[in-house]
Amino acid sequence: MNLFAYLLLGFLIICAVSVSVTRSLLSAVIILMSYSVVMSVLWILLEAPDLAVTEAAVGAGVTGVLFFLTLRRITLIDRESKSKEAGDGQDS
């Protein structure tokens, strides 16, 4: 393998470690999306274009969108529960 492939493998290791260390869900989703993009480049280097397209479409595309929608939904649920708790405290 050439130097570029080793750099990509190093980046994958850094992504895996940083996802496990980060506390922000949004940061973790962005790191996982970049992991999928780099993984698709590695699949191209390994001459497996079908896997590369699948990894880019599903790994970075669909999964990323689903994670963002889930984070948005969780944030909305958290906001609604906090506003209900604040409303309950004012009625007493």
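Computed values, structure above
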| item | result |
| --- | --- |
| Segment 35-63 residues that are in contact (Cβ under 8 Å) with a residue 12 or more places away in the chain and over 20 Å from VAL17 (Cα atoms), paired with ones that are part of a helix (DSSP H, G or I) and among the charged types (D, E, K, R) (beta carbon under 8 Å, 6 or more apart) | TRP43/GLU55 |
| Residue in segment 1-35 that is modelled with the lowest pLDDT, counting only those that are within 22 Å of LEU46 (Cβ to Cβ) and small (Gly, Ala, Ser) | ALA5 |
| Tally, over segment 2-19, of residues that are within 23 Å of VAL65 (Cβ to Cβ) and either aliphatic (A, V, I, L, M) or without any contact (Cβ under 8 Å) to a residue 24 or more places away in the chain (or both) | 5 |
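The values are calculated or read from the model by the stated rules, or taken from the named source; none is laboratory data. Computed from a predicted structure; not experimentally measured. We place every Cβ from the backbone using ideal geometry, glycine too, and count neighbours over all the protein chains shown.
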